[in-house]
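The block underneath contains the structure these notes are about, expressed in structure tokens.
Coordinate-derived values only; no laboratory data. From a predicted model like this one, the values you see are computed outputs, not experimental measurements. No Cβ is skipped: glycine too gets one built from the backbone with ideal geometry, and neighbour counts run over all protein chains shown.
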Amino acid sequence: RLTLAASYREPVIATRRPSAEQLAWAKEMLAKPGKPDVPRVYAQRFEDLACGAASVPTPLQVLRIGQVCIGSLPNEVFCEIGLEFRQRSPVQPAFLVSLAHGYFDYLPTPKQHELGGYETWLATNRLEPKASEKMLDALLEMVAEVRDPK
């Protein structure tokens, strides 16, 4: 007999804001005539983020199909996050699906934020630096909710 269970949450995750210096650069960049190249796209994203919400509800879901656990989130995740989910999940086997229920940018770990890189730039990742930890903790709580009592 195959059993199914599911859990869905939308934890609220804080967003980052462009600095005054970044906004001044964006305003200057967008005031110049030109084709939509990468700097102009980032300048527009800075302006959009400055007007955006201070936090966003983030859709997370966990499914258990028999003894298989599937976690999902709306980001492009770093492999460390998926591996940690798999390792810490009390239901095995477990795996993580990214880009589910929307697209909320890259999801680097706090360590990756310290190291820097494209995926941590404000225009490619608007969520707070500890977002991956908060989302992973919520997903693991949800796994415990759907665990088969047998």
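Just the residues that are in contact with a Phe, Trp or Tyr (Cβ under 7 Å, 6 or more places away or on another chain) and part of a strand (DSSP E or B), please, taken from the range 61-95.
Of everything in the range 61-95, those that are in contact with a Phe, Trp or Tyr (Cβ under 7 Å, 6 or more places away or on another chain) and part of a strand (DSSP E or B) turn out to be 61, 70, 71, 76, 94.
Considering only the range 55-78, state which residues are touching a residue at least 60 places away in the same chain (Cβ under 8 Å), crowded, with 19+ Cβ neighbours inside 10 Å and of a type in the set (Val, Ile, Thr).
Those that are touching a residue at least 60 places away in the same chain (Cβ under 8 Å), crowded, with 19+ Cβ neighbours inside 10 Å and of a type in the set (Val, Ile, Thr): 56, 58, 62.
Given (1) within 12 Å of the chain's Cα centre (by Cα); (2) crowded, with 17+ Cβ neighbours inside 10 Å; (3) of a type in the set (Gly, Ala, Ser), where does residue 123 come up short, assuming only one miss?
(1)
Of all residues being in contact with a helix residue (DSSP H, G or I) (Cβ under 7 Å, 6 or more places away or on another chain) and aliphatic (A, V, I, L, M) in the range 76-102, which is nearest to residue 133 (Cα to Cα)? Just the residue, please.
First pass over the range 76-102, keeping only residues in contact with a helix residue (DSSP H, G or I) (Cβ under 7 Å, 6 or more places away or on another chain): 78, 81, 84-85, 88-91, 94-96.
Among the residues that remain, those that are also aliphatic (A, V, I, L, M) are: 81, 91, 94, 96.
On the way: 81: 9, 91: 19, 94: 18, 96: 14 Å.
Among those residues, the one meeting the criterion is 81.
Results for (1) out of contact with any Gly (no Cβ under 8 Å at 6 or more places or on another chain); (2) of a type in the set (Gly, Ala, Ser); (3) over 30 Å from residue 23 (Cβ atoms), shown as yes or no for each residue.
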residue	(1), (2), (3)
68	yes, no, yes
72	yes, yes, yes
78	yes, no, no
88	yes, no, yes
92	yes, no, yes
95	no, no, yes
100	yes, yes, yes
107	yes, no, no
125	yes, no, no
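Looking for something among the aliphatic types (A, V, I, L, M), without any contact (Cβ under 8 Å) to a residue 40 or more places away in the chain and buried (at least 16 other Cβ atoms within 10 Å of the Cβ) - is there at least one such residue anywhere in the range 36-43?
Within the range 36-43, one or more residues are among the aliphatic types (A, V, I, L, M), without any contact (Cβ under 8 Å) to a residue 40 or more places away in the chain and buried (at least 16 other Cβ atoms within 10 Å of the Cβ).
Can you tell me which residues in the range 131-150 are loosely packed, with under 14 Cβ neighbours inside 10 Å and either among the polar types (S, T, N, Q) or free of Cβ contacts under 8 Å to residues at least 40 places away in the same chain (or both)?
Of everything in the range 131-150, those that are loosely packed, with under 14 Cβ neighbours inside 10 Å and either among the polar types (S, T, N, Q) or free of Cβ contacts under 8 Å to residues at least 40 places away in the same chain (or both) turn out to be 137, 149, 150.
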